[in-house]
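Structure first, then comments.
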Amino acid sequence: MSNQKITRKQMQSILFMFWTGSLVVAASNKEVKQDYWICLLISALLFLPIICIYDRLIKLYPGKNLFEINDAVFGKLVGHIITAIYIMYAILLASQLTKIFAVFIRVVNMAETPELITAAFMVLVGALVVTRGPENIARLAKYTWLVIVIILFTFFAGFKDMEFSNMLPVMNSDFPTILKVSAIGLILPLGESVLCLTLISNIRPEENIKKIFLKALVFNTIIYIIVAIRNVAILGPSTNMYYFPSYEAVSIISLKEFFSRFEVLIGINLMLNGSIKFCVCLYASSLGLSHIFKLPNYKAFTASCAILIITLMQLLYQDLQQFFNFIPYGAISSVPYEIILPIATWIGAEIRARMSSGTKSSKTSTNNSPEKT
Amino acid sequence: MESGKLSSQIVEESKLTTSLTDNIVLIRTIFKNNDTLTMRQLETPTDPAIKFCLFFSDGMVNNRLINQDIIRPLLEYRPDKKEPDLIDLIAKNITLSDTVEKTTDMEKIVQAIVYGDTVLLADGFMEALVLNTKGWQSRSIEEPENERILKGPREGFTESLMVNLSLLRRRIRTPDFKMEYLNLGVRTKTHACICYIDGIAAPEVLKELKSRLQKINIDGILDVNYISEIIKDKPNSPIETIGSSERADVIAAKLLEGRVALVVDGTPVVLTVPHLFIEYFQSDEDYFINYMFASINRILRILAFIFSISMPALYLSLATFHQEMLPTSLIMSIAAARQGVPFPTIVEGTFMLVIFEMLRESGSRMPGNMGTALSIVGALVIGQAAVQAKIVSAPLIIIVAVTGIAGLMVPLIKGIGVPLRFILLFLSGLIGLYGYMFGMLAFLAYIFSVTSFGVPILTSAYSNDQQDRKDILHRTSWKNMITRPKYLSPNKIRNSSKGDSL
Amino acid sequence: MDNYLIIGAFYVVLIFTDLIPAIREKKTKGLFFSIPVYLITLIVNIMIVMGVQFPAITTVIQHAIQSMLKIP
C-alpha cells in the first residue's frame with residue numbers, strides 16, 4: 001500500500017537542492033561583477049533545450065534509468081563504456097563537492113579542524129542515506145528544501161545594509177564575456193543534473209518531466225538571482241575579493257543588537273544542499289557499477305564509491321588558489337558528459353525510434369499482399 | 001503407570017477408551033501431583049450401571065454452575081435403560097450449560113480442565129463432553145495508572161481476555177468487527193485474539209500479522225512485549241513499530257482508523273499494528289477536549305521532543321564553536337559563569353545528563369515516601385552545590401533541567417530520545433553546529449526508512465493531501481476530518497454529511 | 001596524528017557495516033570490486049596522511065585542456 005515511487009514535488013525538491021548545492025561558490029564571478037544576474041537568466045534560457053532533450057529521452061524509454069537508455073541506444077559494449085564514463089564523472093563531482101564543503105568550513109569557520117573529518121561526516125551520512133534507498137533521498141529533499149528560507153531571511157534582514165546603487169551600471173561588461181560566463185553557469189550547476197536522470201526511473205510514470213524541471217529551474221534561478229543581488233548590494237561590485245562572498249555578505253547583516261553574525265546558517269545551507277547533491281552522485285555511481293557488474297542491488301557498491309570519493313577528495317587540488325582558478329577548466333572538462341553525451345544519446349534514440357517504426361510499417365504491408373492475391 | 005515421562009508427553013501419546021475406570025486412571029496420571037484436580041463420580045438413581053465422572057480444577061470454576069447446570073440435571077435424569085447415544089442425549093437434552101462440545105482429543109480435554117471448564121466422561125463411551133463453567137477471579141475495571149486523562153472514559157483493560165473483548169465489543173457493535181482466536185506459546189498456550197474491522201483494516205497488514213504470529217516458536221508468552229519483540233519489523237531498532245495501550249477507547253479508535261489489534265490473555269496491554277511515528281505524540285485526551293487547545297498541546301509535545309534531543313548539543317555548539325551567533329551580553333555571562341570550571345563543556349554536559357537520567361530512573365522506582373528526599377537531593381545537592389563548587393556551570397544546569405523536563409513530556413519516545421541526546425551532543429562536540437545537523441540528517445534519514453508492517457511510519461513525507469495532515473501537527477475539528485489516514489486503510493471516507501459513512 | 005585516527009575510524013565503520021556483512025553473505029561478485037578498492041584506497045590514504053605528495057588531478061586536467069585548446 002505504500003507507494004515507493006518518488007512524487008513530483010519530491011523530484012522538484014531534489015533538483016532544486018541539487019542545483020543550489022553550488023550556491024556558495026557559484027554566486028558571483030570576477031569577470032562580470034555586478035551583471036552576474038543577467039548571466040544567470042541567460043544560463044536558465046540556454047538550459048531549456050536540454051530539458052526538452054531529457055524529456056524526449058524519458059518519453060522514448062519510459063521507466064528506464066540513464067544507463068539502461070544508453071545500453072538500448074548504443075548497444076551493450078559502447079553503452080557500458082559510456083556508463084563507466086558517467087561513473088567516473090559522478091565520483092569526480094562528488095569529491096569536488098566534498099572538497100568545497102571541507103574547504104569552506106576550514107577557511108571561514110574552524111581553521112584548526114582537519115578537512116578530513118568534515119569530509120568524513122558528509123561521506124558517511126551520504127552513504128547512510130543512499131543505502132536506505134533512493135526514495136529516502138527524495139523524502140529528505142522534500143523536507144530539507146525549506147532551508148532556503150534562510151536565504152530569503154538573510155535577504156530581507158539585510159535590506160538596511162544593501163546599497164542598490166552597487167548594481168549600476170547594468171550591462172557594464174561586453175556581451176561575449178556575459179555569454180562566456182553564462183555558458184559556465186549552464187554547465188556548472190545546471191548541466192550536472194544529467195545524473196538526476198538515474199533517479200527518474202523511480203518516478204511515477206504519469207508525471208510530466210518537463211514541468212518538474214521547469215518549476216525547479218524557475219525557483220532555482222530566482223534564488224540564485226536573489227543571492228547575486230544580495231552579495232553585490234552588500235559588498236559592492238568586486239565580490240571576488242573574498243573566497244566566499246556569500247559568507248562575508250551575511251556576516252555584515254545584523255538584526256538589532258541581539259541577532260548578528262549568523263553566517264553559520266549559510267554553512268548549514270551549503271551542508272544540506274551539498275548532502276543531497278552528494279547523495280544523488282553517490283547513488284548514480286553505485287547504480288552504474290551495479291549495472292556494469294549486472295548485480296540487481298546497488299547497495300553493494302555504495303561503500304566502495306564512498307571510500308573512492310573521500311580518497312579522491314584529498315588528491316584533487318594542490319592549494320586553495322588553484323581551486324578557484326580551476327572552475328572554468330572544470331566547466332570545459334564537463335562539456336563532454338553534460339552536453340555532448342546527452343545530445344548524442346538523444347540523436348541515437350531518435351534514429352532508433354524512426355527505424356523501428358519504419359520496420360513495423362513495412363512488415364504490415366508485406367503481410368497484406370499475399371491475402372489480396 | 002508410566003513413570004519417568006512428563007505429563008505433556010503422556011497427553012500426546014494416549015487416547016480415551018470406553019472404560020470409565022481406565023479413563024479416570026489416565027486423567028489422574030496426567031494430573032499427577034496436581035492437587036487442584038477435583039473428581040466427582042455420579043450414578044443415575046434408577047440404573048447404577050450408568051456411571052459418569054466429572055473433572056475440573058478447583059479455583060478456576062464457578063462451583064455454582066457445576067452444581068446447578070451439570071450435577072443436578074444428571075441426578076434428575078431417570079432413564080429406563082442405557083441409551084446407545086447417551087453422550088449426545090446429555091449434550092442436547094439434559095445439561096443446562098451454555099457451551100457444550102463433544103471431543104476425543106486428549107489435548108483439548110486437558111486444556112479444558114486446566115482453563116476452568118468441566119469434562120464429563122460416561123462409562124461405555126469414548127467421547128467426552130466439555131462444558132463451560134469458567135469462573136475465576138480477576139481484577140475489576142479501573143483506569144490504567146500511566147495513561148490518565150482529565151476528561152473522558154476511564155475504562156482500562158484487565159488481565160482477562162473475555163473482559164477485554166467485551167469492552168471492545170460494547171464500543172464497536174457492527175458485525176464487521178471480527179475477533180479471531182489463536183493460541184501462542186508452547187508451554188503457556190496463551191489465548192490471544194486478533195481484532196479488526198472488516199472493510200476498513202488493510203488486508204495486507206492482517207495477512208502479515210497472522211503469518212508472523214504463526215512463526216512464533218517460544219516457550220511462554222507472559223506479556224505482550226514478548227510477542228512484539230518477535231514480530232517487529234526490525235527487532236534491533238529502538239523505534240517502536242508496534243503500538244500498545246491499556247485504554248479501551250484508545251484501542252477502539254485505532255481499530256476504527258484501520259489498524260489491527262492483538263489482545264492477549266493475562267495482560268492488560270493490547271497491541272496495535274501498524275504504528276506511525278506521530279502516534280507517539282497523540283494522546284486520546286486531544287479528542288475529548290476543544291480542538292484548538294488540543295492542537296496547542298500537540299505542537300507543544302512535538303517541540304518538547306525536538307528540544308529534548310537538541311538543547312544540550314545546540315548549547316555546546318553555540319557556546320564553544322560559534323560564539324559569534326549569541327548576543328554579546330549572553331556570551332559574557334556564560335563566560336563569567338564558566339570561569340573556574342575545569343572541565344570542557346562536553347564533559348560537563350555528558351556528566352550532568354547521566355546524573356539526570358539516574359535521578360529519573362531512581363525516582364520511578366523508589367517507594368512514595370522517599371520522594372521528598374529525592375527532590376531535596378536533586379535540587380540542593382546536585383544543582384546548587386555543584387555549581388557553587390565550580391564542578392559544573394550554571395547555564396548548563398538550566399539546559400539539562402529543561403532538556404530533562406521536555407523529555408519527560410512525551411514518555412513513550414524515551415527509547416530513542418535519550419540515546420539520541422548523547423549522540424547529538426557528542427557529534428556537536430566534534431564539529432559544532434555542522435555535527436548537530438549531520439546527526440539530525442542521519443536521524444531523519446533513518447526514520448524515513450522505517451516501516452511498520454509495510455506502512456512507512458512517517459507517511460506525511462509522502463502525502464501532499466491536505467486531508468492527511470489534519471491529525472499530525474494539530475488536530476482539526478471532527479467536522480473536517482473526512483478521510484482516514486491514506487496509508488492505513490483502503491476505505492477512506494470516515495464521515496460524510498450525507499450520512500453514508502462506511 | 002588526528003588524521004590517522006580519522007582514517008582509522010572511517011575505515012572501521014565502513015568495514016563493520018558493509019564489508020563484513022557482505023563477506024558473511026558471500027556476495028562474491030560485489031566483493032571482487034570492493035576488496036581491491038578498500039585495499040588500494042587504504043594504502044593511498046595512509047600515504048597522503050604521511051605526507052607523500054601526489055600530483056593534483058585538476059592540475060593534470062588543466063594542463064591537458066590548455067594544451068588541447070591552446071589557450072593560456
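The values are calculated or read from the model by the stated rules, or taken from the named source; none is laboratory data. Keep in mind the model is a prediction, meaning the values are calculated, not measured. FYI the Cβ positions are ideal-geometry reconstructions off the backbone, even for glycines, and counts take in every protein chain you see.
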Output the residue which, of all residues in region B:57-114 that are buried (at least 18 other Cβ atoms within 10 Å of the Cβ) and of a type in the set (S, T, N, Q), is farthest from B:T36 (Cα to Cα).
-> B:T95
Tell me, please, whether a residue that is within 26 Å of C:I46 (Cα to Cα), buried (at least 24 other Cβ atoms within 10 Å of the Cβ) and of a type outside the set (D, E, K, R) can be found in region A:108-118.
-> yes
Please work out if B:D117 is within 30 Å of the chain's Cα centre (by Cα) and in the same structural domain as B:F55 (by TED's automatic domain parsing).
-> yes
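Residues checked against (1) out of contact with any Lys or Arg (no Cβ under 7 Å at 6 or more places or on another chain); (2) hydrophobic (A, V, I, L, M, F, W, C); (3) crowded, with 21+ Cβ neighbours inside 10 Å:
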| residue | (1), (2), (3) |
| --- | --- |
| A:M122 | yes, yes, yes |
| A:A127 | yes, yes, yes |
| A:A141 | yes, yes, yes |
| A:F155 | no, yes, no |
| A:K160 | yes, no, no |
| A:S165 | yes, no, no |
From the list A:I81, A:I87, which residue is crowded, with 17+ Cβ neighbours inside 10 Å, of a type in the set (A, V, I, L, M, F, W, C) and either under 29 Å from A:I209 (Cβ atoms) or within 11 Å of another protein chain (Cβ to nearest Cβ) (or both)?
-> A:I87
Could you tell me whether region A:249-259 includes any residue that is buried (at least 24 other Cβ atoms within 10 Å of the Cβ) and assigned to a helix (DSSP H, G or I)?
-> yes
Test: B:T320 is touching a helix residue (DSSP H, G or I) at 6+ places or on another chain (Cβ under 8 Å) and closer than 30 Å to A:K256 by Cβ = yes
Determine whether A:A141 is in contact with a strand residue (DSSP E or B) (Cβ under 7 Å, 6 or more places away or on another chain) and more than 9 Å from every other protein chain (Cβ to nearest Cβ).
-> no
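Taking region B:334-352 on its own, how many of its residues are outside any helix (DSSP H, G or I) and surrounded by 13 or more Cβ atoms within 10 Å (Cβ to Cβ)? Break it down into steps so the answer makes sense when it comes.
From region B:334-352, those outside any helix (DSSP H, G or I) are B:338-344; that's our starting set.
Filter once more, keeping what is surrounded by 13 or more Cβ atoms within 10 Å (Cβ to Cβ): B:338, B:341, B:343.
Within region B:334-352, residues that are outside any helix (DSSP H, G or I) and surrounded by 13 or more Cβ atoms within 10 Å (Cβ to Cβ) number 3.
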Take B:D105 and decide whether it is acidic (D, E) and in contact (Cβ under 8 Å) with a residue 12 or more places away in the chain.
-> no
Count of region A:298-322 residues which are more than 17 Å from C:V37 (Cβ to Cβ) and touching a Ser or Thr at 6+ places or on another chain (Cβ under 8 Å) = 4
Which is closer than 30 Å to A:K30 by Cα and among the β-branched types (V, I, T), of A:I117, A:I100, A:I85?
-> A:I100
Residues that are among the polar types (S, T, N, Q) and under 30 Å from A:Q314 (Cβ atoms): which helices (runs of 4 or more DSSP H) entirely in region A:113-177 hold 1 or more of them?
-> A:115-131, A:134-144
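Residues are listed down the side, and each one gets a yes or a no for (1) assigned to a helix (DSSP H, G or I); (2) closer than 24 Å to C:P55 by Cα:
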| site | (1), (2) |
| --- | --- |
| A:S286 | yes, no |
| A:A306 | yes, yes |
| A:L312 | yes, yes |
| A:Y317 | no, yes |
| A:P328 | yes, yes |
| A:I339 | yes, no |
When (1) over 14 Å from A:T311 (Cα atoms); (2) more than 7 Å from chain A (Cβ to nearest Cβ) are applied to C:P55, the one that fails is (1)
Pairs, please: C-beta under 6 Å, at least 6 apart or cross-chain, first residue closer than 15 Å to A:L287 by Cα and more than 8 Å from chain B (Cβ to nearest Cβ) and in region A:110-137, second among the charged types (D, E, K, R) and in a helix (DSSP H, G or I)?
-> A:T131/A:K299
For region B:1-40, name all the residues that are within 41 Å of the chain's Cα centre (by Cα), surrounded by fewer than 12 Cβ atoms within 10 Å (Cβ to Cβ) and among the hydrophobic types (A, V, I, L, M, F, W, C).
-> B:L6
Have a look at C:L14, C:L31 and point out the one that is of a type in the set (A, V, I, L, M, F, W, C), over 15 Å from the mean Cα position of the chain (by Cα) and on the phi < 0 side of the Ramachandran plot.
-> C:L31
Which members of region B:436-455 meet the condition of being part of a helix (DSSP H, G or I) and either within 9 Å of another protein chain (Cβ to nearest Cβ) or of a type in the set (A, V, I, L, M) (or both)?
-> B:M437, B:F438, B:G439, B:M440, B:L441, B:A442, B:L444, B:A445, B:Y446, B:I447, B:F448
Which listed residue, of B:I399, B:I391, is among the aliphatic types (A, V, I, L, M) and modelled with pLDDT of 90 or more | B:I399
Please specify each residue of region B:37-51 satisfying the condition of being touching a residue at least 24 places away in the same chain (Cβ under 8 Å) and in contact with a Ser or Thr (Cβ under 8 Å, 6 or more places away or on another chain).
-> B:L37, B:I50
Among helices (runs of 4 or more DSSP H) entirely within region B:174-271, at least 2 residues that are farther than 27 Å from B:Y446 by Cβ occur in B:203-214, B:248-256
